[in-house]
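Okay, structure first, notes after.
The values are calculated or read from the model by the stated rules, or taken from the named source; none is laboratory data. Computed from a predicted structure; not experimentally measured. Glycine gets a Cβ as well: all are built from the backbone with ideal geometry, and neighbour counts include every protein chain shown. These accessible areas exclude ligands, DNA and RNA; they are computed on the full protein's heavy atoms, side chains included. Shrake-Rupley method; radii C 1.70, N 1.55, O 1.52, S 1.80 Å.
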Amino acid sequence: SFPFLTPPPRDAMEKALLQLLQLSALDENGSISTTGKSIARLPLTPTLGRVVLASATSDPPCLRETIDIVACLSVENIFLNVETEETREQAAEARGQLYRRSGDHMTLLAAVQAYAAENSDRKAWAERHLISHRAMQSVMDVRKQLRAQCLQAKLLPKGSSFSDGDDEGVRAADEELTERVLKAFLSGFANNIARLCPDGSYKTFVGNQTVAIHPSSVLFGRKVEALVYNEFVFTNKAYARGVSAIQLKWLEDLFT
């Protein structure tokens with residue numbers, strides 16, 4: 001009933017309300033929930049806000065790691081585009097130590113942690129890894145802001161304090177941490193899940209659309225049981241971009 005000068009289409013409003021319901025940001029009566037109020041305090045989209053909240057309540061919490069990834073998703077692509085076969089090979093070699101088998105989310109985490117741990121010359125580090133130094137500076141700014149917001153919202157333990165590069169060393173992304181982080185992302189991106197079909201293609205859970213893993217993904221050319229993705233893009237065909245491998249059994253824990 002808000003008197004917009006140019007009201008959005010009704011179906012767009014309905015989709016937005018449905019998404020907020022799925023994120024538990026609204027209750028069944030359409031009123032904002034406690035979760036919704038917490039999401040609204042964060043300077044993020046509702047989906048990313050829900051991810052941050054889920055990471056704070058996982059056991060044990062993985063909020064710091066999730067903030068690092070969310071900060072990357074809130075700015076331009078940190079990885080410089082590579083056009084030719086030669087530069088693709090060069091990029092694969094330069095970024096090899098950052099790539100994670102689980103996919104793009106944990107790869108972003110590795111990149112942020114390595115950049116934050118670089119104390120001598122971050123610009124040179126970025127150039128060596130074919131990563132945008134400007135984008136990484138923006139990531140560090142967003143990261144700092146999100147950490148401050150989460151401290152204020154009491155999502156981080158009382159007394160937590162950290163500077164730009166304070167990460168207690170670069171943590172290895174072990175399987176248990178990876179599972180906790182990706183489950184947090186499933187809380188916000190439950191509609192962005194696709195599973196592998198017998199014919200080798202991926203089909204989305206919602207809409208049953210065929211999608212391919214985007215060529216820029218760490219998982220490009222690989223087959224995994226199921227995947228979660230950040231965005232659906234359509235060029236010459238439908239692509240899932242920002243992709244990580246998940247296990248179907250995780251969905252039973254989350255949605256039952």
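Tell me which residues, restricted to region 207-238, are touching a helix residue (DSSP H, G or I) at 6+ places or on another chain (Cβ under 8 Å) and of a type outside the set (A, V, I, L, M, F, W, C).
Kept after step one, since they are touching a helix residue (DSSP H, G or I) at 6+ places or on another chain (Cβ under 8 Å), are these residues of region 207-238: 217-219, 225-226, 228, 230.
The answer is Ser217, Glu225, Asn230.
Within region 74-87, count every residue that is more than 14 Å from Glu127 (Cα to Cα) and either surrounded by 13 or more Cβ atoms within 10 Å (Cβ to Cβ) or of a type in the set (Phe, Trp, Tyr) (or both).
3
If you take the residues of region 13-53 that are assigned to a loop (DSSP other than H, G, I, E, B) and over 21 Å from Lys183 (Cα atoms), which of them is modelled with the highest pLDDT? Reasoning before the result, please.
Filtering region 13-53 down to residues assigned to a loop (DSSP other than H, G, I, E, B) leaves 23-25, 27-31, 33, 41-45.
In the following step, the residues that additionally are over 21 Å from Lys183 (Cα atoms) were identified as 27-31, 33, 41, 43.
On the way: Asp27: 92, Glu28: 88, Asn29: 89, Gly30: 88, Ser31: 93, Ser33: 96, Arg41: 92, Pro43: 91.
If we take residues in region 13-53 being assigned to a loop (DSSP other than H, G, I, E, B) and over 21 Å from Lys183 (Cα atoms), then Ser33 is modelled with the highest pLDDT.
Could you please find all residues in region 226-240 being under 19 Å from Ile78 (Cβ atoms) and in contact (Cβ under 8 Å) with a residue 60 or more places away in the chain?
Answer for region 226-240, where residues must be under 19 Å from Ile78 (Cβ atoms) and in contact (Cβ under 8 Å) with a residue 60 or more places away in the chain: just Asn230.
Condition test on Ala71, is it out of contact with any Ser or Thr (no Cβ under 7 Å at 6 or more places or on another chain), of a type in the set (Gly, Ala, Ser) and open to solvent by less than 40 Å² (accessible area, probe 1.4 Å)?
Details: out of contact with any Ser or Thr (no Cβ under 7 Å at 6 or more places or on another chain): yes; of a type in the set (Gly, Ala, Ser): yes; open to solvent by less than 40 Å² (accessible area, probe 1.4 Å): yes.
Against the criterion (out of contact with any Ser or Thr (no Cβ under 7 Å at 6 or more places or on another chain), of a type in the set (Gly, Ala, Ser) and open to solvent by less than 40 Å² (accessible area, probe 1.4 Å)), Ala71 qualifies.
Just to check your reading of the model, which residue among Glu231, Glu252, Glu225 is open to solvent by 40 Å² or more (accessible area, probe 1.4 Å), under 24 Å from Arg95 (Cβ atoms) and acidic (Asp, Glu)?
Within the list Glu231, Glu252, Glu225, the selection yields Glu231.
What about Thr57, is it open to solvent by 20 Å² or more (accessible area, probe 1.4 Å) and either modelled with pLDDT of 95 or more or within 21 Å of Thr178 (Cα to Cα) (or both)?
Here the answer is yes, as Thr57 does meet what is asked.
Can you pull out the residues in region 8-27 that are open to solvent by 60 Å² or more (accessible area, probe 1.4 Å) and touching a helix residue (DSSP H, G or I) at 6+ places or on another chain (Cβ under 8 Å)? If you could, list the steps in order and put the result at the bottom.
Just the residues of region 8-27 that are open to solvent by 60 Å² or more (accessible area, probe 1.4 Å), to begin with: 9-11, 13-15, 17-19, 21-22.
The one that is open to solvent by 60 Å² or more (accessible area, probe 1.4 Å) and touching a helix residue (DSSP H, G or I) at 6+ places or on another chain (Cβ under 8 Å): Gln19.
Filter region 39-54 down to the residues that are hydroxyl-bearing (Ser, Thr, Tyr) and surrounded by fewer than 18 Cβ atoms within 10 Å (Cβ to Cβ) and list them by number.
Let us first name the residues in region 39-54 that are hydroxyl-bearing (Ser, Thr, Tyr), namely 45, 47.
The one that is hydroxyl-bearing (Ser, Thr, Tyr) and surrounded by fewer than 18 Cβ atoms within 10 Å (Cβ to Cβ): Thr45.
Let's see how each residue does on (1) farther than 17 Å from Ala71 by Cα; (2) among the small types (Gly, Ala, Ser); (3) not in a strand (DSSP E or B):
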{"residue": "His105", "(1), (2), (3)": "no, no, yes"}
{"residue": "Val112", "(1), (2), (3)": "no, no, yes"}
{"residue": "Tyr115", "(1), (2), (3)": "no, no, yes"}
{"residue": "Glu127", "(1), (2), (3)": "yes, no, yes"}
{"residue": "Ala148", "(1), (2), (3)": "no, yes, yes"}
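Report yes if Ile78 is at pLDDT 95 or above and under 15 Å from the mean Cα position of the chain (by Cα), otherwise no.
Here the answer is no, as Ile78 does not meet what is asked.
Which members of region 170-186 meet the condition of being in contact with a Leu (Cβ under 8 Å, 6 or more places away or on another chain) and part of a loop (DSSP other than H, G, I, E, B)?
Hits for region 170-186 are Arg171, Ala173.
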